[in-house]
Amino acid sequence: MELQQNLSLVHEKIQRAAESAGKNAQNITLVAVSKTVDVDKIQQAIDLGVTDLGENRPQELKRKSEAIAASVNWHQIGQLQTNKVKYVVDRAVLIHSLDRVGLAEEIERQCVKKNIVASCLIQVNIGREPNKSGIMMETMDDFLKELSAFPHVKVKGLMTVPPIMENSQKQREYFRQMHQEFERLKQWEDKNVRMEYLSMGMSDDYVEAILEGANMVRVGSAIFGARNYHI
Ligand SMILES: *Cc1c(COP(=O)(O)O)cnc(C)c1O
């Protein structure tokens, strides 16, 4: 019951934010972040219409995607260690956290082995936070050029987790910068780069993110309730 109410509220807020941004809410993908959530509850969410699920631990993504029969889109969000790529490369529709050349190299290697391609988002450290992963914005062009060495790695957009801000205007400024970069890179000439998804906004800020141009939001606790522990 609570899950249903939470989901309705999130959909309603996405709808309103999309309208304010002059967009069709159907073009905004809601990724329900199910980290720490058990399979039964995830199944309930699927029964309520959830189509996209996000996990931050590769082995959990593997385990849950094998336990759940429904055909849903699994997203790998959050830091991805090179030695864990093998668990997600053929299970995730999108890897949201491509942030270094070494990771692209391993994704390429696993893709060649399995004869597949992997769709990825480039994670940007928009707030330049020392402890956060993601590339710095000014290195974007060089990074994209380096990725052209990996033809099985398809860049489909950008992702960010901005700094936690008291001031939502400042927060929106980060989202705005991401959107500008996303629009700029639509002109990038490389057949392996195609800007389709701008993944930003979590439980506390997905409305602001949509108002600034996000077309993919990653919402966990606002759907599944507060997590007992933070990961
Ligand atoms: C946990 C997580 C989310 C969802 O966070 P909530 O605040 O629970 O909505 C989104 N993105 C990433 C990368 C996460 O790790």
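The values are calculated or read from the model by the stated rules, or taken from the named source; none is laboratory data. Every value quoted in this text rests on a predicted model; they were computed, and no experiment measured them. Here the Cβ positions follow ideal geometry from the backbone for every residue, glycine too, while neighbour counts run over all protein chains shown. SASA here: full protein model, heavy atoms, side chains in, ligands and nucleic acids out. Shrake-Rupley method; radii C 1.70, N 1.55, O 1.52, S 1.80 Å.
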Applying the Karplus parametrisation 6.51 cos²θ - 1.76 cosθ + 1.60 with θ = phi - 60° to the phi angles of the range 188-200, what ³J(HN,Hα) value in whole Hz is obtained for each residue in order, glycine and proline being reported as x? 4, 9, 6, 5, 8, 10, 9, 6, 10, 10, 10, 9, 7
Scalar couplings 3J(HN,Hα) for the range 77-84 by Karplus 6.51 cos²θ - 1.76 cosθ + 1.60 (θ = phi - 60°), nearest whole Hz, x for Gly and Pro, are 10, x, 2, 10, 7, 4, 6, 9
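Efficiency by 1/(1 + (r/R0)^6): what FRET value for residue 101 and residue 173, r their Cβ-Cβ distance, R0 = 30 Å, to the nearest 0.05? Don't skip to the answer; put the middle values down first.
Numbers: r = 29 Å, r/R0 = 0.96.
Between residue 101 and residue 173 the formula returns 0.55.
Efficiency by 1/(1 + (r/R0)^6): what FRET value for residue 38 and residue 91, r their Cβ-Cβ distance, R0 = 22 Å, to the nearest 0.05? Please list the in-between numbers first.
Working: r = 19 Å, r/R0 = 0.84.
FRET efficiency, residue 38 to residue 91: 0.75.
Which trypsin sites (Lys or Arg not before Pro) in the range 167-231 sit in a loop by DSSP (not H, G, I, E or B) and have at most 14 other Cβ atoms within 10 Å of their own Cβ? Walk me through the intermediate numbers first.
Values: sites: 170, 172, 176, 184, 186, 191, 194, 218, 227; in loops: 186, 191, 227.
Counting only loop positions with at most 14 other Cβ atoms within 10 Å, the trypsin sites (Lys or Arg not before Pro) in the range 167-231 are 186, 191, 227.
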Per-pair calculated FRET efficiency, R0 = 41 Å: residue 27 and residue 136 via Cβ, rounded to 0.05: 0.90
Cα-only Rg/Rh for the range 20-88 with Kirkwood Rh rounds to 1.03
Can you list the HN-Hα couplings for the range 201-208, worked out from phi with the Karplus curve (6.51, -1.76, 1.60; θ = phi - 60°), rounded to whole Hz and with x for Gly and Pro? x, 10, 3, 7, 9, 5, 5, 4
Correct response: the longest run of the chain lacking exposed chymotrypsin sites (Phe, Trp or Tyr not before Pro), defined by DSSP loop and at most 16 other Cβ within 10 Å, is 1-187
Give the whole-number value, in cubic angstrom per residue, of the convex hull volume spanned by the C-alpha atoms of the chain. 125
For the chain, what is the mean residue ellipticity at 222 nm derived from helices alone (per DSSP H run of n ≥ 4: -39500 (n - 2.57); sum divided by total residues; nearest 500 deg cm²/dmol)? -12000 deg cm²/dmol
For the range 77-188 the translational diffusion coefficient, Stokes-Einstein from a Kirkwood Rh over Cα pairs at 25 °C and viscosity 0.890 mPa s, in µm²/s, is roughly 168
Can you compute the modelled spin-label distance between residue 113 and residue 19, with each label point 7 Å from Cα toward Cβ, in nm? 5.0
What accessible area per residue, rounded to a whole number of Å², is obtained for the chain using a probe radius of 1.4 Å? 49
On alpha-carbon atoms, Rg over Rh for the range 1-131 using Kirkwood Rh? 1.00
Whole-percent carbon and sulfur share, accessible surface of the range 24-76, 1.4 Å: 39
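Among all lysine pairs in the range 42-201 that are eight or more places apart or on different chains, how many have alpha carbons less than 12 angstrom apart? Don't skip to the answer; put the middle values down first.
On the way: 62/84; 62/86; 86/113; 86/114; 145/191; 154/191; 156/186; 156/191.
For the range 42-201, the number of qualifying lysine pairs is 8.
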Find how much the distance from residue 83 to residue 69 grows on full extension, using 0.36 nm per residue of separation minus their present alpha carbon separation; answer in nm with one decimal. 2.4 nm
Given H placed on each backbone N at 1.01 Å, which residues far from residue 54 in sequence or on other chains put an amide H within less than 5 Å of it? 32, 33, 34, 75
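Take the solvent-accessible surface of the protein heavy atoms, probe 1.4 Å, and return the percent of it on the range 181-231 that carbon and sulfur atoms account for.
Accessible surface attributable to carbon and sulfur in the range 181-231 totals 44 percent.
If you average the sequence gap of Cα pairs under 8 Å that are 6 or more apart and divide by the length of the chain, what percent do you get for the contact order? Present the calculation step by step, with values, prior to reporting the outcome.
Numbers: 414 pairs, mean separation 46.9, N = 231.
Rounded, it is 20 percent for the chain.
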Cβ neighbours within 10 Å, averaged per peptide: list 2-8, 100-106 in order, most packed at the top. 100-106, 2-8
